[in-house]
Each structure stands twice: as C-alpha cells, then as structure tokens.
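Asks: Handing you this structure, nothing more for now.
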Amino acid sequence: MAFCSAGSTFAQQSPVPSSTPEPVASPVAATPKSLRDLVNQLDQAGLQQVIEQLRSNYVDPSALTNQEINQAAVEGLLSRLGPGATIQTRAEAERPPRNHPFKSDLIEKQFAYLRLGSFTQQNLAQLDGALNDLVGRGATGLILDLRTMPPGSDFQLAADILSRFVPKGKVLFNLVQQKDGQERPYTSSADPIFTGPIAVLVSSENAGTAEAIAATLRSEVHALVFGQQTSGRAVEYERYLVGNGLVLTIAVSKLVIPGSPAVFPKGLAPDIQVSFSKQQQDSVLALADENGLRDYIFDEERPHTNEAALVAGRNPDLDAYETGYMGGAAKQRAPKDVVLQRAIDFLTTISVFRTK
C-alpha cells in the first residue's frame, strides 16, 4: 500500500529562530490493543467482510476451507468461554482426581484445623465428630482448608458442609439455569456446630464445590479467605459425547450467592492474597498428608549466643553453622505452608483482641 508524502511543503519553510526554546512534549505511546479487542470492534458485517477478504486474497487458499474456518470458530469459542466449556478426550474427562485424606488437628491449643481432602457425603459424620471434638477441646477459631478438595461441582455436598457453620434455614446460594432462568435454592439444614471466626484456605485449582463453600462462608459468617484466586468453575456442567471419542463439557447452571459478586467465570478473589507456587504448594500439602501438619507450619528457631553459652565457652551460632554447612550441603529445612501460616496469624490477632 502506498502512502502520500507531504514533505515538500515543509522542506521549503525555514524555522523561525526563537530566543527561548519551547519545551518538547515527550510522546505517549498508545497501548497496543489485543487481537480480541480489535475483533470485538467488528459488527456482523465486518466479521463477514474479514472472512470473505481472507478467502479471496490469502496466499494459501487451502488454509481457508470451510473445515478450517469451522475449526477456527470452535477453537475461538472455547478459548473465549474459558471455564464455561471444554473439550477433552474421554480418558481425560473420566480420569479420577488424586485422593487426599481428611485431616483434623488443634493448632496452638486453640485453633481447629480441618482439611476436607477428597470429601464425600459419607464423610459428613466424620466432619461432625471432628468438629465436636475440637470445640470440646476449646477451639476458639477454625481454619477450613479446601485446597485438596477435588475439582467437582457437587453443590448438595457444599450445602451440607455449610450447614455445619451457617444458621439453620438460611439460603446459602442458588443455582440458576441458563435455559429458563429457573433458580434452585440451597438452604442450611441444621444448627451450626461451630460459630467462631473462620479462616478459609483456597487455591487456583479449587472449583465448584470448594468455591461455593468459600464464597458462602465469606458472605454469611464473615469468614476471611486466604490463598490464590480460584478457577471460576462455580457452575453445574453437562457432558456430551462428540466426534470420535471426545467429550464436550458445557456449563448449564451457575452459582449465585445473594448479595455477593459472581464467582463464575473469573473465580473467587481471596481477601488475603498469598503468593505460593503451585509446585511448592502441592509438595507441602502432599508432605502434610503423609506426615501431619506440625513440621510445615512453624519456622525452626536458630540457636543464638546467650549469657549461659558465653559462661560455658560455647557459641551456638557457630555450632549451628558447622553442623549445617561444614563438610557437606546445608541441612534441608522442611518447607512451610505460607497460606496456613497467614491464617494462623489472623486467628492469633483475633484472639488477642478478644482477650483485651
């Protein structure tokens, strides 16, 4: 494409000298728009015009057959719909999630800790027993760890778990169907077992069930959510066999919590964002599944020189250095669960203020 030049007019003009140079404004670079932003500017006629121009003029006509255009359209749609629709092989769609155990503990003699793991309806009695035991041992705060829950959308299970914390008869959330807008309400069905402050731990892998629990606890009992933004799959899915052994998964109903922002499709943003790489977090959670929590919560205290050591002629700092570093690699310290540490800090602060 040729561009016209207007240089001849300016070349014949001489600049007028000035005793006071004027300031030169620095150019502000315009932020380039993404491909999606540019395509979004096109109306139906503009979209059709782009397709026709490509069909007529593109250097490789074989790249723009009806098959290629349809494939590009499906690929683009699935990309735009994000967690709302996916296509997988049947083997991928039916692969069972990793199994994680249910865990409970009392931290610092006052904070109940529950990690739901691969929780099902059959575990509700176990949850009740653990909650009653921890409350009976004097738990003043609760850490509910949802990070190892499977990425399913069992909203009845979510409602049953929430009924242990939210007053009976309270509407927890609704599932709204896309086709007819019909709402399916879920209500708390029991009196709560625990009513103190709650910290909820989430990760970027959390979906449906876990997202419903975390978002509802924040809305209904003012729980504080720690971790990373969740996946945004707070929907009910239908699956359809397509093509040769592929599974198309489509969101047909979405979670709606009265008075709260939508979780689908962007996910639940935590109140306290905690940076923790997926690899490190998965490693710590797997170790805690096998070995318990203690080693992955509290930082090891390094020995320090004190008066008693000086009288005895010893140097604990030097001893620790020699033990850990001399003659070999540094002694490996257990990795720490920084999300859990932040939750403990929060509950500790709450307990301090309550005692004043």
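Asks: Tell me which residues come under 5 Å, amide H to amide H, from D154 once H is placed; ignore anything under 5 positions away on its chain.
Replies: Close amide H contacts, sequence-distant or interchain: T209.
Asks: Mind ordering 114-120, 249-255, 276-282, 144-150 by average Cβ neighbours within 10 Å, highest first?
Replies: In descending order of packing, they fall as 144-150, 114-120, 249-255, 276-282.
Asks: Mind giving me the nanometre distance, one decimal, between the label points for K179 and D60, set 7 Å out from Cα along Cα→Cβ?
Replies: 4.2
Asks: Right, here's the next one. Which number comes out as Rg/Rh for region 88-132 once both Rg and the Kirkwood Rh are worked out on C-alpha atoms?
Replies: 1.19
Asks: While we're here: List every residue whose amide H lies under 5 Å from the amide H of F194, counting only residues 5 or more places away in sequence or on a different chain, with H placed 1.01 Å from N in the peptide plane.
Replies: none
Asks: A further question on this structure: Can you tell me how much longer the chain between Q156 and Q273 gets when fully stretched, taken as 0.36 nm per residue apart minus their C-alpha distance, in nm with one decimal?
Replies: Here the answer is 39.3 nm.
Asks: Taking 0.36 nm per residue of separation and subtracting the Cα-Cα distance, what length does fully extending I193 through E52 add?
Replies: 44.3 nm
Asks: Using the number of other C-beta atoms within 10 angstrom as an exposure proxy, rank L64, L131, L77 with the fewest first.
Replies: Taking fewest neighbouring Cβ atoms as first place, the list is L77, L64, L131.
Asks: Taking the Cα centroid of region 61-90 and of region 120-188, what is the distance between the two, rounded to the nearest whole Å?
Replies: 37
Asks: Between E94 and I69, how high is the FRET efficiency from 1/(1 + (r/R0)^6) when r is the Cβ-Cβ distance and R₀ = 35 Å? Nearest 0.05.
Replies: Efficiency at R0 = 35 Å is approximately 0.65.
Each reported figure results from applying straightforward, stated rules to the coordinates on display, with no laboratory input. Computed from a predicted structure; not experimentally measured. Backbone-built Cβ (ideal geometry, glycine too); neighbour counts: all protein chains shown.
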